[in-house]
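Colleague: My structure is below; once you've seen it, I'll send some questions.
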Amino acid sequence: MSNSDNQLYQSLMLGDYSGEGDLIQLITDDESDGSLKEENFSNEIPILSVRNTVLFPGVVIPITVGRQRSIRLVKKAQKGDKLIGVCAQKNPNMEDPSWEDIFHVGTLAKIIKMIVLPDGNTTIIIQGKKRFEIKEELSEDPYFYAKVAYLEETFPPGNEKIKALEQSLKEAAFKILQLNPEIPREAQVALDNIDSTSFLTHFLSSNINAPVEAKQKLLEINDGIERATLLLEFMMKDIQMLELKSEIQKKVHTDIDQQQRDYFLRQQMKVLQTELGEEGPEKEVDELRAKGKRKKWSAEIARHFEKELDKILRMNPSAAEYPIALNYAEVMVDLPWNEFTPDNFDLKRAKHILDKDHAGLDKVKDRIIEYLAVLKLKQDLKGPILCLYGPPGVGKTSLGKSIAKALGRKYVRMSLGGLHDEAEIRGHRKTYVGALPGKIIQNMKKAKSSNPVFVLDEIDKLSSDFRGDPSSAFLEVLDPEQNSTFSDNYLEVDYDLSKVLFIATANTLETLQPALRDRMEIIEVTGYTLEEKVEIAKKHLIPKQRREHGLKAKDIVFSKEALVKIIEDYTKESGVRSLERQIGKVMRNIAKSIALEEDYQKKITAQVVRKVLGGEVFDKEMYQDNSLAGVVTGLAWTSVGGEILFIEASLSKGKGKLTLSGQLGDVMKESAMTAISYLRSKAETLNIDHRVFDQYDLHIHVPAGAVPKDGPSAGITMLTAIASIYTQRKVRSKLAMTGEITLRGKVMPVGGIKEKILAAKRAGIEDVILCKRNQKDIEEIDDLYLKGLKFHFVDHVSEVLKIALLENRVKDPMEFMFDPEPKKVVEN
């Protein structure tokens, strides 16, 4: 074998070139020695640009030529001296490079063999001869042609450092051969036959695992020692990577062997369990895996679920952790993940359902219709957080069910009364014995939908203790900006609650945490009027109680007078719970008569109601006309609706002492003291003798002394009562008032106006005094309930006294309170 053929064999054994047998045609070179004299090298040579390859002197490599420019160059060189310049491209993806796109330091090469492939491409086998640098770019067409200068190398012979470098390079190369099984073993023979240090560096530089830029850097170095040192650095890095790769492969191989062993053992266990009539965990896991593939969860959650299933397979079914892990996986697949029920956007139908299920509550129903309208237009609205706030029995909870029915969504309800453990909301860590997800996740699992109507009942009755503060846990649940990534301790992955329509109910807002209240839209649900209660009884309560007592429609009929009698004389509430209980009592009486086959009156009248229910439980608080000064009618709000109350004031000789009775709260006591202070400051204007404040005791009493009372609403009522008794001017008949006062005499607005106005109308009041800023509340009340009432809107207490007090006095206050001054006795 010639020297040229030997080098070709060595390079091809280290490279990626492989022949195609008889599918290719070899065109051999006429010259067998593969070398030329240096003086024959021309300074003007054609340049071939190659991708992903750097040619070094003495090295033989195959190159596939496919570009037209390159094919023309190769054919031209093949017919001539077969010498070409080879330069690497800077960007291998460049299809048609220019002079700027190739490195200007390359290697002169001799075409040794040319192989024409059946697909039309040509592969040439070239051998590097000498390095050169392009000095002048002569032409680009039909191929690159340049003027070059050849570069000399400096390898001082006999240098100890060079010998050490040569030995280090060979040791590093042998190490790489040991670590890389893909390199043929014949490469070691080739390395042993290399005696030249220069060719050794070229040969190894061509075959190291390094990018084109690194190889080009080696090619451009003229100093042989510097090039060999940099080459050794690259090879040491390659050795480190190969050692790390080998270590990883050994570890993986060990893991695979262990997995195969476990697999065979599990298969044997499976066969034994089948023979014994038992089933292993594989069947359960396969069923869970099949369910998981049908879930619409994210890729991250899918990976987490698969990881949990693999963990179950590795467990012993008799281990204590096995049922915990299995239960966790079952909870995950039972939860709805991005599974939504379609919303019904028929707004007319929704309004009809809400009107049918609930009389009144117009503000609440309008808010739901608004939500539906926006959802219909946008198609993607985060679930609002509504809080229905009002007295018991007004239908807050049942309203949530009607909303779900109108939207076509699933309905779930969670009672929060007395809840004091934070884990009830966020769940327990699954490592605990008996761990469960929180009630939020449990109810989502029951709903089987990611967008149900979720009623949080009695949210104002949450309590807290050493186990945590549940109301703080709800801060994440009820925040539209946070609940898309709700974190349950048991579930361990984020769950999206942003599409859930949360509806909270509360009887009072005072016990709600301020931060929690800020996250909700508060909608006040006021009490029902007499007319609304009658309609609710006819449409809902009577049919429901009739079904529950086994009666038919023909068995009993309620007259309107009977229903009014029950509402006014046997119930005292804002809602309709007591009304339903009283109707149930009447139903039971009729059911007894039917069961005993007794005669009974089918039409229930007011007289029948009194006969069945007994004497009236509640007396209607009606206006009581009087001819005394110091008695004023006020309006009050209670948890069961509005009512009127009387404030009485009387004077007795004493030392200016103030007495308050009737179980008054601190605010009402302060209102009385504020009223007295104002009257003291305006005594002359109001024609009040200043001596009355020091020589008479004032007693203020609010009847129904067993009932606690508090609030600022009685401010103007107390002031009017005290002014009336001090001036002995009576109060106008059929007049009621409500409002707060200040020391300057300003009248401030108060709440509960609707309930107070309804109470005034029931009691026969004709004139009502209110703060001017409460006028907006009157505008929200249906005109039907305002008929027969005249409103006086005031800003100052002087206006109140002008409207309320009559000009005529009962007695002259000076004669009534004080004796005439004694006459002086003159001695004769």
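Colleague: Out of the DSSP beta bridges found with both residues in the chain, what percent are antiparallel (nearest 5)?
Modeller: Of those bridges, close to 60 percent are antiparallel.
Colleague: Under a plain spin-label model, where a point goes 7 Å from the Cα along Cα-to-Cβ, how far apart in nm are T397 and Y600?
Modeller: Distance between label points: 2.8 nm.
Colleague: Another question, if that's okay. List the pairs from K356/K552; K439/K499; K351/K544; K283/K311; K401/K539; K356/K405 whose alpha-carbon separation is above 19 Å, in the order I gave them.
Modeller: From the list (K356/K552; K439/K499; K351/K544; K283/K311; K401/K539; K356/K405), the Cα-Cα distance tops 19 Å for K356/K552; K351/K544.
Colleague: Report Rg(Cα)/(2.2 N^0.38 Å) for the range 530-613, keeping two decimals.
Modeller: Here the Cα radius of gyration is 1.01 times the empirical estimate.
Colleague: Run the numbers on the chain and let me know its relative contact order in percent, using alpha-carbon pairs under 8 Å that are six or more apart.
Modeller: Relative contact order for the chain comes out at 7 percent.
Colleague: Hey, what number do you get for the chain at 222 nm if only DSSP H runs of n ≥ 4 count, each worth -39500 (n - 2.57), divided across all residues, to the nearest 500?
Modeller: Value at 222 nm, helices only, nearest 500: -13000 deg cm²/dmol.
Colleague: Okay, moving on. If the reach is capped at under 24 angstrom between alpha carbons, list the lysines near K82, excluding any in the same chain fewer than eight residues apart.
Modeller: Within the straight-line cut-off, K82 pairs with K37, K110, K113, K129, K130, K135, K147.
Colleague: Compute the separation of the alpha-carbon centres of the range 653-712 and the range 728-776 and state it in Å as a whole number.
Modeller: The distance from the Cα centre of the range 653-712 to that of the range 728-776 comes to 19 Å.
Colleague: Follow-up question, since we're still on this one. So for each of 167-178, 291-302, 433-444 I average, over its residues, the number of other beta carbons within 10 Å; can you give me the resulting order with the highest mean first?
Modeller: Highest mean packing first, the order is 433-444, 167-178, 291-302.
Colleague: Please label the shape of the range 392-458 as rounded, prolate or oblate, based on the square roots a ≥ b ≥ c of the eigenvalues of the alpha-carbon gyration tensor (a/c under 1.5 means rounded; beyond that, a/b larger than b/c means prolate, else oblate).
Modeller: It comes out oblate by the Cα gyration axes.
Colleague: Using only the Cα atoms of the range 403-534, construct the convex hull and provide its projected area averaged over every direction, in square nanometres to one decimal.
Modeller: For the range 403-534, averaging the hull's shadow over all directions gives 9.6 nm².
Colleague: Here's another thing I want to ask about it. Distance between Cα centroids, the range 531-561 to the range 450-501: provide it in whole Å.
Modeller: Their Cα centres are 39 Å away from one another.
Colleague: Of K611/K787; K655/K730; K730/K790, which pairs sit farther than 23 Å apart, going by alpha carbon to alpha carbon?
Modeller: Over 23 Å Cα-Cα: K611/K787; K655/K730.
Colleague: Can I ask one more? List the relative contact order of the range 631-815 as a percent without decimals, with contacts defined as Cα pairs under 8 Å and 6+ residues apart.
Modeller: 26 percent
Colleague: Among residues other than A210 whose Cβ falls under 11 Å from its Cβ, what is the net charge (Lys/Arg +1, Asp/Glu -1)?
Modeller: 0
Colleague: What do you get for the angle between helix 560-570 and the principal long axis of the chain? Use alpha-carbon atoms, 0 to 90 degrees, nearest ten.
Modeller: 90 degrees
Colleague: DSSP beta bridges in the range 646-741, what fraction antiparallel, as a percent rounded to 5?
Modeller: Around 50 percent of the beta bridges assigned by DSSP in the range 646-741 are antiparallel ones.
Colleague: For helix 281-293, what angle does its Cα long axis make with the longest principal axis of the chain, in degrees from 0 to 90 and rounded to 10?
Modeller: 80 degrees
Colleague: For the range 719-773, what class follows from the C-alpha gyration tensor (a ≥ b ≥ c being the square roots of its eigenvalues): rounded when a/c is under 1.5, otherwise prolate if a/b is larger than b/c, else oblate?
Modeller: Oblate, since a/c reaches 1.5 and b/c is not below a/b.
Values in this text are rule-based calculations from the coordinates and carry no lab data. All of these numbers come straight from a predicted model, not from anything done at the bench. Positions of Cβ are generated from backbone atoms using ideal geometry, with glycine treated the same way; all protein chains shown enter the neighbour counts.
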